[in-house]
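Input: a single structure, listed below in structure tokens.
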Amino acid sequence: MRLTQRIVVIGGGVLGTMHAVMARRRGYEVVHLEREGEARGASVRNFGLVWVSGRRAGAELALALRARELWAELGAAVPGLRFRPAGSLTVAADDAELRVLKEAAALPDAVLRDFELLDAGAVRTANPALRGELAGGLLCRADAIVEPRQVLPALRGYLAGDGYQWWPGREVTEIAPNAVRDHTGAWHHCDLVVLCPGAVFTGVVGRYHRSLARDGVRRVRLQMMQTAPLAERLTTAVADGDSLRYYPAYDLPARTLLPPQPPVAARTRAQLLMVQRADSGLTIGDTHEYDEAFAFDVDSDAYDHLQARAEALLGAAIPRVQRRWAGVYSEVSTGSALYHRSEPEPGVVLVTGPGGRGMTCAPAIAEETFR
Ligand SMILES: Cc1cc2nc3c(=O)[nH]c(=O)nc-3n(C[C@H](O)[C@H](O)[C@H](O)COP(=O)(O)OP(=O)(O)OC[C@H]3O[C@@H](n4cnc5c(N)ncnc54)[C@H](O)[C@@H]3O)c2cc1C
């Protein structure tokens, strides 16, 4: 007789993998299936930002703060995540942007975000690589960085052993009571299915479209790039003033007084985020495309804009761009949910739609599933 309960997790992205971690912590056996040889979705295409600074006050901030704690804990146990409590600087180019930062620094929950408003000199002291023209910045010590290309294998290495089976290259094609079947025809029996399909809404997920529609789950496509190593350290992650238009924490009176974005930034819904990777290269992004069918090619105008913004902050040319890619995430777009979780049929839990906060919040979302 099998006493331990067995969970099948479908999807090898960060949400599926964090569900595997949280299930093992509770003593469940885990069978983990991924259709690709290695996850290739949003979880490996992102900045690796554990981003607290821009979260909406209340439930969203609480979820991100809990996740930040869990990332720090996991980072201590799993060095391969390369967790760094580096913080971030959101940089104001002019007085209009600085006024938004001042209001953010005065928010009642600023202390939870570990915000500090800095003048231009203090920004350069905190991050000496920022030699461009700037009016000031908002330091958020709560923000952190992990290495997205290493996180998933590192977590699986941590889980390896009795009670955890990793099956890459297996697409789940059928879900039945207490079992799933993969494309090779093999059945995997279990007590519970946790389905974390990311931005895949067809195939086995297709029959749950009504559940996804409840939260208006949609897909968003982003463009990113990565440079050759920068010769010096970028001590914090960096965001530009365009990010003030994007993140809900900055929905403040001074935001309404910001001038329009340059046309290319407005058209591609661009904001600059810049993170130095463990190998010293810079990950730079991003843009936001909401209307499907998405472009299959990348837009150089958007890259030129992001490069110019990065160079304006650094006061120097960025190293040669070595990689460009696009990524797609799923996000809830209606109501107040921060992500989608449903039980579309008994014994099946569907978790997706965390949007641009998915890397940040994944450990806390997985914890909530098992609570
Ligand atoms: C460019 C970009 C930058 C981002 N930056 C950040 C950031 O810095 N910080 C942050 O917090 N968030 C960020 N995000 C958001 C974050 O990356 C996502 O919310 C998160 O990775 C979603 O994880 P997931 O596991 O749900 O999806 P995914 O990573 O897409 O994983 C889903 C997996 O399920 C597999 N799968 C689907 N169907 C099946 C099936 N039938 N059988 C087997 N396997 C299946 C897929 O192959 C895939 O590997 C960014 C996203 C993008 C695209």
Carbon and sulfur atoms account, in whole percent of the 1.4 Å probe accessible area of the range 141-260, for 53
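Counting only Cα atoms, I'd like the Rg/Rh figure for the range 178-327, Kirkwood definition for Rh.
1.08
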Note on the range 292-371: the mean projected area of its alpha-carbon convex hull, in nm², is 8.7
By the mean-Cβ-within-10 Å protection proxy, highest first, 7-13, 268-274 rank as 7-13, 268-274
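When a/c is below 1.5 the answer is rounded, else prolate if a/b is larger than b/c, else oblate, so apply that to the range 249-349 with a ≥ b ≥ c taken from the square roots of the Cα gyration tensor eigenvalues.
Working: a/c = 1.97, a/b = 1.50, b/c = 1.32.
The shape class here is prolate.
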Ordering 278-291, 154-167 by per-residue average of other C-beta atoms within 10 angstrom, highest first, gives 278-291, 154-167
Per residue, the convex hull enclosing the alpha carbons of the range 118-186 has a volume in Å³ of 212
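Just round it to a whole percent: the fraction of Cα-Cα distances in the range 74-231 exceeding 28 Å.
Here the long-distance tail beyond 28 Å is 52 percent of all Cα pairs in the range 74-231.
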So, with points 7 Å from each Cα along the Cβ direction, the Thr202-Tyr246 label distance in nm works out to 2.8
For the chain, longest principal axis from Cα atoms; helix 14-25 axis from its Cα atoms; angle between them, nearest 10 degrees, is 60
In nm², the average projected area of the convex hull spanned by the Cα atoms of the range 256-303 is 5.0
Relative to the chain, whose Cα atoms define the longest principal axis, helix 148-159 and its Cα axis are tilted in degrees, nearest 10, by 40
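Please work out the average accessible area per residue across the chain, using the 1.4 Å probe convention, and give it in Å². Don't jump to the answer; show the numbers that get you there.
Details: 15380 Å² over 371 residues.
That works out to 41 Å² per residue.
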Most packed first (mean Cβ within 10 Å per residue), the peptides 254-266, 303-315, 345-357 order as 345-357, 303-315, 254-266
Computed Rg/Rh for the range 1-143 (Cα atoms; Rh = Kirkwood radius) stands at 1.10
At the level of C-alpha centres, the distance separating the range 171-199 and the range 1-70, in angstrom, is 18
CD proxy, 222 nm, the chain: helix-only mean residue ellipticity via -39,500 (n - 2.57) per DSSP H run with n ≥ 4, per residue, nearest 500, stands at -8500 deg cm²/dmol
The rounded separation in angstrom of the Cα centers of the range 211-234 and the range 75-100 is 16
Taking Cα atoms, the helix 358-370 axis meets the longest principal axis of the chain at an angle in degrees (rounded to 10) of 40
Short to long, in 10 Å steps from zero, the percent of alpha-carbon pairs of the range 162-246 per bin is 11, 29, 23, 19, 16, 1
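Stokes-Einstein at 20 °C, 1.002 mPa s, Kirkwood radius from Cα pairs: D for the chain in µm² s⁻¹? Display every interim value, and only then the final one.
On the way: Rh = 21.2 Å.
Calculated translational D: 101 µm²/s.
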About its Cα centre, the chain carries a charge dipole, from +1 on Lys and Arg Cβ atoms and -1 on Asp and Glu Cβ atoms, whose size in debye to the nearest 20 is 620
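The values are calculated or read from the model by the stated rules, or taken from the named source; none is laboratory data. Quick caveat, the model's predicted, so the values are computed rather than measured. Heads up, the Cβs are rebuilt from the backbone with ideal geometry, glycines too, and the neighbour counts pull from every protein chain shown. Only protein heavy atoms, including side chains, enter the accessible area calculation; ligands, DNA and RNA are left aside. Shrake-Rupley method; radii C 1.70, N 1.55, O 1.52, S 1.80 Å.
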